[in-house]
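The values are calculated or read from the model by the stated rules, or taken from the named source; none is laboratory data. Quick caveat: nothing in here was measured; it's all calculated off a predicted structure. Here Cβ is always computed from backbone atoms with ideal geometry, including for glycine, and neighbour counts include all displayed protein chains.
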Amino acid sequence: MAPAVGIKRTAAAQAVTVQAPPPPPDARLVREAVRTSTIAEAVAPAALEAPAPALEGFLCLEEVEGRRWKYVVDAAPGKGKGKGRGRGGSAVPLGASVRAVPLQSPLPPAEEIMAFVRSYVVPEGFPDSVTPSYVPYMTWRALKHFFGGAMGVFTTRTLLSSVGVSQSKVTPGAIAINWILKDGAGRVGKMLFARQGKKFDNDLKQLRFSSDLLLEIGAGIELATAAFPQFFLPMACVANVVKNVAAVTSTSTRTPIYKAYARGENIGDVTAKGESVGNIADLLGTGLSIFITKRNPSLVTSFALLSCGYLLSSYHEVRSVVLNTLNRARFTVAVDSFIKTGYVPSLKEGNSQETIFIHPWRHEPVSIGSRFGEAFQEPVSFVATRPLFEDERYMVTYNPTKDKVYALLKDHAKPDDILKAAFHAHVLLHFINVSHERKRMSSNRSDHYGNPHPRNMDFLAHIAESCKIVSSSYGTFRKKAKEQGWIMSESLLNPGKARLCVTRPQ
């Protein structure tokens, strides 16, 4: 058996005592927070016993759309001696109620009614929420819808009378089919006219007024069915096609116009109020027309008066629209004013001088984005003109046989290049018109240059002169146009799709 082994400890080892490590700082902070919280809870009851200021009836002021109210505390009967505590520590009578006291005298009944009506016809925040031209636009719009509603009564009455006379020996089902065919033809016309595309944005004023003209033509055809009831179906179909084309044009141009009047993100409110004004005026016109038709007035006289009122209101409605974009009509006004006076008109001046009615056979002196064959008569003219526009993304020339200035766009032409090409075309047109005035010897323009068959080459000097003017004045025109508020970054000139390619085909 192995002997027991004894282990002898040294004195230093016996003197060592085990000690716990110091607590981390976080633990000390937690204990301090707990101790502080305990002291606060002990002191809180004493603090709550401190007297709090009692309310003297007034709580706060409130303002709504320029009218003010004050809120006061009313003590309940028999409970005024008890006190409660509000959230801020103020003493409030037990059972107290809050009462709103108006600081202005009540509105008269007439003003209350007007405030109610304004909530349906003007946008919130009016007049600061819309542009200054909003009021004249809505005034003429309401008047136009008034005449339109009155005319609708006459046209509907005439159509019903005509279909009843022309189909007197046919069953009611056949009459209904004729009416449905009439409406179906109108829907087809609406669908086909929708392909106009960007024209609704480029020339919305012109299209808007043209749509009202079409609407009157359609109404006239509908009224003519009273004289030819046997041709009710073809006449009613044509009238409905025309009126639906006018309707899709009016609907497509409505949003850009409302957008021009909205200040901020309130286009929905402006649109809703504008449509409300139109509906109210339409109802008033319908009611008046129903009252008038009971006296059997002359159909021709009534139609003539209502049509004149409708078209006059439509013209002034479109004329009052102020847009800050440059389409062809407004661009022509701005450039002509700059060339003649060195001054770019303001937004209001430029829109007021814009041509609203453009008949289909009107001669357009400037064409943008044209094809090569329309602009140049012979190859030598193109070869002689091309060096003048080496550094540009367009070319400008004059075709004397068509009496028109053509701006040909090169590939990669940007919106600013299109604007510059249009500006250059108008400058060249100005030079040519001045030259024609100076050399006019007879009424026949072909004798102006002593050549019965003038060519593009005969106007090369004018083209070169216009290049010098444009290079020095286009920047000034852009600057002045921006100062007047015109948007120059977008081109609504509706150029053609043809582009001159720089590279040769392989």
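Within the stretch 137-152, can one find any residue that is farther than 15 Å from TYR310 by Cβ and either assigned by TED's automatic domain parsing to the domain that holds LEU347 or at pLDDT below 90 (or both)? No - not one qualifying residue is present in the stretch 137-152.
Scanning the stretch 252-306 for residues that are touching a helix residue (DSSP H, G or I) at 6+ places or on another chain (Cβ under 7 Å), touching a residue at least 60 places away in the same chain (Cβ under 8 Å) and either over 21 Å from ARG141 (Cβ atoms) or of a type in the set (D, E, K, R) (or both) gives LYS273, ASP282, ILE290, THR293, LEU299, SER302, PHE303. Consider the stretch 368-405 and keep the residues that are surrounded by 15 or more Cβ atoms within 10 Å (Cβ to Cβ) and aromatic (Phe, Trp, Tyr). The one that is nearest to the chain's Cα centre (by Cα) is TYR394. If you go through the stretch 216-246 and keep only what is in contact with a Leu (Cβ under 8 Å, 6 or more places away or on another chain) and under 14 Å from GLY186 (Cβ atoms), you end up with GLU222, LEU233, ALA236, CYS237, VAL242, LYS243, VAL245, ALA246. Checking the structure you have, find out if any residue of the stretch 272-288 is charged (D, E, K, R) and over 21 Å from GLU222 (Cβ atoms). Yes - at least one qualifying residue is present in the stretch 272-288.
Scanning the stretch 203-246 for residues that are under 25 Å from the mean Cα position of the chain (by Cα) and surrounded by fewer than 19 Cβ atoms within 10 Å (Cβ to Cβ) yields a total of 1. Tallying residues that are part of a helix (DSSP H, G or I), under 30 Å from LEU492 (Cβ atoms) and of a type in the set (A, V, I, L, M, F, W, C) within the stretch 256-293 yields 6. Remark: pairs (first residue in the stretch 325-353, surrounded by fewer than 15 Cβ atoms within 10 Å (Cβ to Cβ); second residue of a type in the set (A, V, I, L, M, F, W, C); Cβ separation under 7 Å; 6+ apart in sequence or on different chains) = LYS348/VAL322.
The residues of the stretch 103-118 that are surrounded by 11 or more Cβ atoms within 10 Å (Cβ to Cβ) and either touching a strand residue (DSSP E or B) at 6+ places or on another chain (Cβ under 8 Å) or polar (S, T, N, Q) (or both) amount to a single one, LEU103.
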